[in-house]
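Read the structure below first, then the notes.
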Amino acid sequence: MALHFEREEYAARLSRLTAKMSEEKLDAMLLFAQESMYWLTGYDTFGFCFFQCLVVKSDGEMTLLTRSADLRQARHTSTVENIVVWTDRSKADPTMDLKDLLSELDLLGARIGVEYDTHGLTGANCRKLDNQLQSFAELVDASYLVSRLRLIKSPAEIAYVRRAAELADAALGAAVPLIKPGADEADILAAMQGAIFAGGGDYPANEFIIGSGEDALLCRYKSGRRQLSGSDQLTLEWAGAYAHYHAAMMRTVIIGEPSTRHMELYSACREALEAITAILKPGTTFGAVFDAHADVMDEHNLTRHRLNACGYSLGARFTPSWMEHQMFHAGNPTEIAPDMTLFVHMIIMDSEAGAAMTLGQTYLTTDDEPVSLSGKSLDMITIPGAKA
């Protein structure tokens with residue numbers, strides 16, 4: 001078995017889930033999020049791009065409905081013993097197979113929670129699901145039930161996140177020596193991802209972000225590479241990934257002499273990050289974290305240039321995003337608790353000046369002060385530019 005945790009840990013997670021289901025008066029859960037299946041059973045696949053569902057009953061019985069291509073994957077990587085295969089065929093409707101399975105599990109008329117808010121359940125399949133089950137059972141949107149349970153990390157999970165953070169540091173360490181006038185973004189990107197693979201890490205749940213010049217102001221990966229000039233800016237956002245657990249970082253590197261605007265933006269980023277780490281403690285809400293960020297940015301007259309979120313929870317995630325549901329944005333009432341792994345990022349994109357500045361890394365919350373999982377300095381990274 002290719003399990004990353006002891007069976008006792010998986011059993012404890014199942015107990016936490018069934019206890020929460022009891023609170024919510026749910027007779028069963030239909031899990032479609034791959035990260036939920038991975039957390040609960042170890043099941044590790046990208047097969048969620050097709051229809052699959054893990055049925056969890058209130059008594060702890062679990063049955064996976066999946067395709068034949070993932071049968072051996074499930075047997076090898078998970079604790080799931082009951083696996084049912086739906087057959088690929090012309091005009092197949094696997095929700096009919098799911099309905100038959102639920103009937104066999106004696107769930108007719110039951111109250112069933114569904115993970116709707118996940119990339120593992122497409123809109124087309126969701127419509128089929130609701131059509132099949134609307135008269136079969138009472139369906140309840142329970143998209144965040146398992147997601148909230150995943151917020152608090154076990155000691156074994158924290159060990160994986162710490163390793164992911166070491167790999168993120170290694171990626172930055174591999175990148176910096178390559179950053180110079182004339183350097184190709186492709187070489188920098190290859191070195192970063194290569195350092196993570198060399199350290200035993202995984203593909204991240206989404207692409208690394210790399211952009212220089214005008215592209216340094218973009219917050220998403222895009223295709224295409226360029227060479228750095230003698231006076232340039234390079235924005236990098238990446239994550240170390242180990243056993244699918246992520247530790248993200250973000251930096252904007254300046255090639256040549258930083259402009260006055262770059263210095264102003266960096267000062268605001270550093271001040272905002274310090275304001276957040278001062279309150280990144282149990283009892284503080286995610287919304288209050290965002291407010292601390294916004295207050296600093298607004299004081300620096302950067303309202304137009306900041307984003308409407310400044311970070312999120314991290315954990316074991318799958319494509320297309322390493323972001324968890326819980327984000328630092330206005331009004332989020334979720335409270336910080338010990339043993340959360342939280343990515344805090346300061347992002348300022350001044351399109352008028354053509355200047356970018358970012359600063360971010362992952363923290364582990366404790367009973368008091370947060371712990372930075374990165375060993376790297378928060379100082380601005382500057383690289384000598386072209387000689388005059």
Against the 2.2 N^0.38 Å scaling, with N counting residues, where does segment 32-144 land? I'd like the Cα-based Rg ratio to two decimal places. 0.98
Would you mind getting the Kirkwood hydrodynamic radius of the chain from its Cα pairs, rounded to one decimal in Å? 22.3
From highest to lowest solvent-accessible area (probe 1.4 Å; ligands, DNA and RNA excluded), Glu157, Glu352, Glu166 read Glu352, Glu166, Glu157
Pull up the cross-link candidates among the aspartates and glutamates for Lys128, meaning alpha carbon to alpha carbon under 18 Å and not fewer than 8 places away within one chain. Asp88, Asp93, Asp97, Asp100, Glu115, Asp117, Glu138, Asp141
From the alpha carbon gyration tensor of segment 309-388, can you work out the equivalent ellipsoid semi-axes (sqrt of 5 times each eigenvalue) and give them in Å, largest to smallest? 29, 17, 13
In Å², nearest 10: area of Trp39 left accessible to a 1.4 Å probe: 10
More than 14 Å apart - percent of Cα-Cα pairs taken over segment 143-196: 63
Between segment 334-377 and segment 104-173, the Cα center-to-center distance that results, in Å: 25
For segment 210-264, what does the convex hull of the Cα positions come to per residue, in cubic angstrom? 102
In whole Å, largest first, what are the principal axis extents of the Cα atoms in segment 78-143? 28, 27, 26
Cα-Cα pairs of segment 206-317 separated by more than 17 Å (percent): 63
Sorted list, accessible surface of protein heavy atoms, 1.4 Å probe, largest first, for Arg111, Arg7, Arg127 is Arg127, Arg7, Arg111
With the dipole of segment 135-268 defined by +1 on each Lys or Arg Cβ and -1 on each Asp or Glu Cβ, the option from Ala137, Ile254, Leu217 whose Cα lies farthest towards the positive pole is Ala137
Would you mind listing how long segment 181-236 runs along its three principal axes, going by Cα atoms, in whole Å with the largest first? 35, 21, 15
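Strictly greater than 22 Å: what percent of every Cα pair in segment 252-388 meets that?
40
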Sequence neighbours fewer than 8 away in the same chain don't count; with that in mind, list the lysines whose C-alpha is under 30 Å from Lys153. Lys20, Lys25, Lys57, Lys281, Lys376
At a 10 angstrom cut-off on C-beta neighbours, averaged per residue, how do the peptides 169-175, 73-79 rank from highest to lowest? 169-175, 73-79
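The values are calculated or read from the model by the stated rules, or taken from the named source; none is laboratory data. Note that the structure is a prediction, hence the values are computed from the model and not measured. Here Cβ is always computed from backbone atoms with ideal geometry, including for glycine, and neighbour counts include all displayed protein chains. Heavy atoms of the whole protein, side chains included, go into the accessibility calculation; ligands, DNA and RNA do not. Shrake-Rupley method; radii C 1.70, N 1.55, O 1.52, S 1.80 Å.
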